[in-house]
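First the structure, in the form of structure tokens, and then the observations on it.
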Amino acid sequence: MGNRAGGRRTGPKCIAIVGPFSSGKTTLLEAILARTGAIPRQNPISSGNTVSDHSPEARAHAMSVEATFATTDFMGESLTFVDCPGSIEFAFEAEPVLAACDLALVVAEADQKKVPALQLIMRRLDELGVPRILFLNKIDKAEVGVRETLKMLQPTSRTPLLLRQIPLRKEGIVVGSIDLALERAYIYREYSESEIAEIPSDEKAREIEARFSMLERLADHDDALMEQLLEEIEPPKDAVFDDLAADLRSGAVTPVLIGSAEKGNGVLRLLKTIRHDAPDVETTRQRLGAPNSGQTVVQVMKTIHTPHGGKLSVSRILSGSVADGAELFLPGGASAKVSGIYRMFGKDQAKQASAAAGETVALGKLDSVRTGQTLTTSKGGTQPLATFKMPDPVFAFSVRPKERKDDVRMSAAIQRLAEEDPSLSLRHQQDSSETVLMGHGEMHLRVTVERLEGKYQIPVEAKPPAVPYRETIRKATQQRGRHKKQSGGHGQFGDVVLDIKPLPRGTGFEFTDTITGGVVPKTYIPSVEAGVRDFLRSGPLGFPIVDIAVNLADGSYHTVDSSDMAFQMAAKLAMREGMTACSPVLLEPIMKVEIFTPSEATARITGIVPQRRGQILGYDARPGWPGWDVVEATMPQAEIGDLIIELRSATAGVASYRASFDHMAELTGRLADEAMNASGKAA
Ligand SMILES: Nc1nc2c(ncn2[C@@H]2O[C@H](COP(=O)(O)OP(=O)(O)OP(=O)(O)O)[C@@H](O)[C@H]2O)c(=O)[nH]1
Ligand SMILES: [Mg+2]
């Protein structure tokens, strides 16, 4: 299997660094850049001065909030690392990166709390078929053994976690590692290369046992190795290395390396493994099914609007090459011209003349191009290589510039932010005339607002969006409305009798007339309806009125003084007075909610639902998600605003939900008063 004889592949590579929140991804990238000499020394996260977390938003929250690219050279090869945020709220950043990288470097640690988050990431990598290495970080503070840790992490991975290194301990403290493929010991030195050593004699037995487990796993995919193991023949080292590389590339195993990003330990071995084992761009191109007809194929991983106005499309060249000035085509035939090619290094860019297959570079000024698109040099474009499943938004903010004059600037800025962050969506809420930002959590939207205020210098007010309440009536009545004015010249005269009655929930509005003998002339009947409709836009409780029928039963007119306006006025008058007898009541939207949760938290979730005035409809296994449930419920929209925060805190961050409008229900008492007060419309 695999490419045994192929040996080491060459060429620029692209590696996505992913993993649960705070597992040490940014620290590891910093350590990698220090080890490859791209930066003079490794800055700790706490310095706020790392290559990756350079934005004010990342520094303010001490977490990565977007994918960051850094290209470095290692032993004559160009490697681009993409540091992806671990927070589930920014998970979408990794998607377009994973769509075209060669390898995912999964940074994990021995922490039970982060296992569910790791599971989500591994699941996604399985779905996409991205080969991966797991770097077991924070080995300096590991309290449990590595094998115990792997037992904890194994259920997150469809493929076996293959331990390639074991820690070397002295008095319980990890002082180095033993590489099971090389059969060598490495003594850690902080911030510098480890010292190679003989495997201590008292560790030999442990090493042999661990190495045998590793070989057994490899033998699952290599019959010759299996025979050698059975016959107790020592397999040739090269064959073992080839197997390790082949099994990684084919996705048959997930090799595990260990280390401490913070101290720069285990980093060199990791880099060498990546250099030796990671698939090259041609393998990746084939995996993605990109065309191979001599044309250039480019996959866009991220869009950045730089402070000085230039738009950058950070892209992977999957085949061919791109020169400055080249024309690239989108599916459907539109095209854009590359103006500037840049090597990325955190917030810095260095101009280069062209980019070859395998390179990950920023292409300048591709105005019509969006993140995730596939571009090509052949006219007419090519099939998109990736499609993205956007999870439903789970959190919303209504935003308004603090100063009216920023109205237009704010919309323009939001458009740009949405272009940089495809997981951000935007809605204009008609009845409250609000601009509503929708995203994947409170932090996601807070960061968006900080960008509006920081990068675009637009102070904004952000608050939960208004709930679209409605009102209706519970009783029927008949009401006359007479509009009569005599103020010199033409008078105004309109006179109507309206039957007002409630309709079943969800019916909306019906208007009829039972006029006989032309007591209200036909031409004025639409005026009456228009007057009623106008009144319904805001009822006595301050909200639009629904589920109501109005019949024009009687009335009178004046040949000279009657007019369209006068009949509209008469209708409104009748409605206003009639409503008081109709016992108006507030209606609130009730949503149908599906909550997705790991099964062990299902009981907690079903406890949360009634506390938010929800009703459980049932729960079941989540299709295609072993170990997960889906809880179905109905819940008032007013209670869903911050639901995600509670769901996440009950599930170590991984639960999510999807909601859709179900029906309107009466709301009375204290909650109704609060709703009316909050809208500022109460009578
Ligand atoms: N003890 C120990 N701490 C580490 C190690 N690596 C990282 N840390 C600490 O873990 C914390 C998180 O590190 P980051 O590098 O920001 O983690 P991250 O995975 O990039 O976090 P997000 O991007 O926000 O998901 C910081 O306090 C680091 O100092 C390590 O090897 N050992
Ligand atoms: Mg980070």
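The values are calculated or read from the model by the stated rules, or taken from the named source; none is laboratory data. Please read all numbers here as calculations on a predicted model, not as lab measurements. All Cβ positions, glycine included, derive from the backbone under ideal geometry; neighbour counts span all protein chains shown. What goes into the accessible areas is simple: the full protein's heavy atoms, side chains included, and nothing from ligands, DNA or RNA. Shrake-Rupley method; radii C 1.70, N 1.55, O 1.52, S 1.80 Å.
Structure summary
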{"read-out": "The range 164-309 - Rg over Rh from alpha carbon coordinates, Kirkwood radius", "value": "1.09"}
{"read-out": "Area accessible to solvent at residue 645, 1.4 Å probe radius, in Å²", "value": "80 Å²"}
{"read-out": "Spatial separation of Cα centroids for the range 139-217 and the range 44-73, in angstrom", "value": "30 Å"}
{"read-out": "10 Å Cβ shell holding at most 13 others, DSSP loop, GluC sites (Glu not before Pro): longest site-free stretch of the chain", "value": "404-683"}
{"read-out": "Under the Debye formula (equal points on every Cα, no solvent term), log10 I(q)/I(0) of the chain at q = 0.05, 0.10 Å⁻¹", "value": "-0.35, -0.99"}
{"read-out": "Accessible surface ranking that places the most exposed of 406, 111, 513 first, with a 1.4 angstrom probe", "value": "513, 111, 406"}
{"read-out": "Residue-count net charge about residue 99 - beta-carbon cut-off 14 Å; Lys, Arg +1, Asp, Glu -1", "value": "+3"}
{"read-out": "Relative contact order (%) - criterion: Cα under 8 Å, at least six apart; region: the chain", "value": "10 percent"}
{"read-out": "Residue 457 paired with residue 59, simple spin-label distance in nm, labels 7 Å along Cα-to-beta-carbon", "value": "1.9 nm"}
{"read-out": "Solvent-accessible ranking of 572, 204, largest area first, probe 1.4 Å", "value": "204, 572"}
{"read-out": "Full-extension gain in nm, residue 227 to residue 354, via 0.36 nm per residue minus C-alpha separation", "value": "40.8 nm"}
{"read-out": "Cut-off 13 Å between beta-carbons: net charge of the residues surrounding residue 271, Lys and Arg +1, Asp and Glu -1", "value": "+1"}
{"read-out": "Computed accessible area, residue 201, all protein chains, 1.4 angstrom probe, square angstrom", "value": "110 Å²"}
{"read-out": "Pairs beyond 18 Å (Cα-Cα), from 337/365; 170/204; 365/405; 25/263; 13/263; 113/138", "value": "365/405; 13/263"}
{"read-out": "Accessible area, probe 1.4 Å, largest first, for residues 592, 402", "value": "402, 592"}
{"read-out": "Relative contact order for the range 1-137, counting Cα pairs under 8 Å that sit 6 or more residues apart, in percent", "value": "32 percent"}
{"read-out": "Dipole-positive endmost among 307, 288, 362 within the range 280-362 (Cβ charges, Cα centre)", "value": "307"}
{"read-out": "Degrees separating the helix 267-277 axis from the principal Cα axis of the chain, which is the longest one", "value": "90 degrees"}
{"read-out": "Expected 222 nm ellipticity per residue - DSSP helices of 4 or more, -39500 (n - 2.57), all of the chain, to 500", "value": "-8000 deg cm²/dmol"}
{"read-out": "Extension reserve of the residue 234-residue 503 stretch, reckoned as 0.36 nm per residue once the Cα distance is removed", "value": "88.4 nm"}
{"read-out": "Per-residue SASA entry for residue 545, accessible area with 1.4 Å probe, Å² rounded to 10", "value": "10 Å²"}
{"read-out": "Percent of beta bridges antiparallel (DSSP, the chain, rounded to nearest 5)", "value": "80 percent"}
{"read-out": "Karplus-derived HN-Hα couplings along the range 130-141 (A = 6.51, B = -1.76, C = 1.60, θ = phi - 60°), whole Hz, x at Gly and Pro", "value": "7, x, 8, 10, 9, 9, 7, 8, 6, 5, 5, 10"}
{"read-out": "Candidate lysines - alpha carbon under 23 Å from residue 485, same-chain residues fewer than 8 apart omitted", "value": "522, 572"}
{"read-out": "Extension gain from residue 430 to residue 663, taking 0.36 nm per residue of separation minus the Cα-Cα distance", "value": "82.0 nm"}
{"read-out": "Dmax and Rg, reported as Rg then Dmax, of the range 246-294 (C-alpha, Å)", "value": "14.3, 46"}
{"read-out": "Distant-in-sequence amide H partners of residue 199 (H built 1.01 Å from N, under 5 Å)", "value": "185"}
{"read-out": "The range 473-595: equivalent-ellipsoid semi-axes (sqrt of 5 x gyration tensor eigenvalues, Cα, Å)", "value": "31, 14, 12"}
{"read-out": "Set of aspartates and glutamates with alpha-carbon distance to residue 351 below 14 Å, sequence-local pairs under 8 removed", "value": "324, 359"}
